[in-house]
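Structure first, then comments.
The values are calculated or read from the model by the stated rules, or taken from the named source; none is laboratory data. Since we're looking at a predicted model, the values are computed, not measured. Ideal geometry is used to build each Cβ from the backbone, glycine not excepted, and the neighbour counts take in all protein chains shown.
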């Protein structure tokens with residue numbers, strides 16, 4: 001089975017506003033900046049500004065998760081400075097902009113493979129982020145709870161009142177994916193892209209792609225997460241899998257382009273991060289391709305997936 005060693009945990013994280021919050025309709029940029037700064041504050045031991053020159057970069061939670069170094073012994077990406085981020089942080093999906101004191105908001109966090117070891121760092125960073133505040137006029141929040149999710153089940157893993165871990169996350173593995181795959185085998189699927197999705201084709205961002213255009217990006221992202229963070233074998237020849245994915249027919253699409261602008265404090269520049277949203281209906285994919293589609297539903301697709309872009313969900317068409 002492909003991606004047989006890939007694992008991930010899925011957590012819901014609940015905050016309560018202590019002060020009035022004023023947030024943009026799409027909150028990915030807000031959480032990306034605020035959480036990144038908070039994570040570095042709680043995790044960086046040497047308080048250096050340049051992770052690439054730090055002696056602890058291969059062991060530091062911040063470096064591994066945010067400035068993910070490519071190991072020297074890696075078989076791929078050795079000429080690149082970074083591997084993919086081993087997490088996905090989904091901001092609140094509604095377009096609500098104002099939160100009064102006492103209002104709650106939730107984010108969802110996925111941790112891949114060895115990044116699961118850093119869950120306490122993520123929780124500590126969420127608390128620090130709340131103390132620093134969210135939004136342009138920062139409003140403070142408190143961390144209420146963190147709950148693990150899997151296949152509709154939930155269990156409490158962090159109690160904000162007691163400020164302690166009280167349980168262990170449930171893990172998504174090849175077994176759970178295979179179980180779900182068996183219920184979707186031989187069925188046409190509708191992929192519903194809920195956040196801007198950025199996938200390149202022939203050097204350009206695709207505005208209304210078919211599945212064959214998405215397939216290389218999907219396979220590449222998941223294979224790298226599997227290899228770098230889960231100890232999976234490097235797939236030297238993925239052409240048979242690519243051919244199988246390109247054989248999936250796109251039956252119908254309804255796409256539109258959505259522009260999203262964010263300011264990068266690190267680069268001191270405004271960045272355009274638009275992408276497509278909408279629906280795509282595909283013919284029944286073969287089992288080995290369906291596995292990738294199911295993992296992609298959890299771990300997103302395309303550029304910016306770590307901070308909520310490229311989110312889609314699957315609906316079977318009976």
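Pairs linking a residue in region 233-257 that is in the same structural domain as residue 200 (by TED's automatic domain parsing) and on the phi > 0 side of the Ramachandran plot to a residue that is modelled with pLDDT under 95 and surrounded by 14 or more Cβ atoms within 10 Å (Cβ to Cβ), with Cβ atoms under 6 Å and 6 or more positions apart or on different chains, do not occur. Of the numbered conditions (1) modelled with pLDDT of 90 or more; (2) within 21 Å of residue 193 (Cβ to Cβ), residue 260 satisfies every one except a single condition; which is it? With respect to (1) modelled with pLDDT of 90 or more; (2) within 21 Å of residue 193 (Cβ to Cβ), residue 260 is out only on (1).
Okay, residues lined up against (1) assigned by TED's automatic domain parsing to the domain that holds residue 303; (2) at pLDDT 95 or above; (3) more than 30 Å from residue 226 (Cβ to Cβ):
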{"site": "136", "(1), (2), (3)": "no, no, yes"}
{"site": "142", "(1), (2), (3)": "no, yes, yes"}
{"site": "150", "(1), (2), (3)": "no, yes, no"}
{"site": "181", "(1), (2), (3)": "yes, yes, no"}
{"site": "191", "(1), (2), (3)": "yes, yes, no"}
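Within region 233-264, being surrounded by 15 or more Cβ atoms within 10 Å (Cβ to Cβ) and part of a strand (DSSP E or B) holds for 250, 251, 253, 255, 258, 262. Only residues that are surrounded by fewer than 16 Cβ atoms within 10 Å (Cβ to Cβ) and assigned to a loop (DSSP other than H, G, I, E, B) were counted across region 174-197, and they come to 3.
Of the residues that make up region 219-232, is at least one out of contact with any strand residue (DSSP E or B) (no Cβ under 7 Å at 6 or more places or on another chain), modelled with pLDDT of 95 or more, surrounded by fewer than 17 Cβ atoms within 10 Å (Cβ to Cβ) and not in a helix (DSSP H, G or I)? No, the conditions are met nowhere in region 219-232.
The sole residue among 97, 78, 108 that is surrounded by fewer than 20 Cβ atoms within 10 Å (Cβ to Cβ), at pLDDT 95 or above and either under 18 Å from the mean Cα position of the chain (by Cα) or assigned by TED's automatic domain parsing to the domain that holds residue 150 (or both) is 108.
A search for C-beta distances below 7 Å between a residue of region 35-52 that is more than 13 Å from residue 127 (Cα to Cα) and outside the structural domain of residue 64 (by TED's automatic domain parsing) and any residue that is in a helix (DSSP H, G or I) and modelled with pLDDT of 80 or more, counting only pairs 6+ apart in sequence or on different chains, returns nothing. Within region 47-62, the residues that satisfy the criterion of being surrounded by 11 or more Cβ atoms within 10 Å (Cβ to Cβ) and at pLDDT below 85 are 48, 51, 52, 54, 56, 57, 58. Of all residues in region 111-127, how many are over 22 Å from residue 26 (Cα atoms) and either in the same structural domain as residue 232 (by TED's automatic domain parsing) or assigned to a helix (DSSP H, G or I) (or both)? So the answer is 11.
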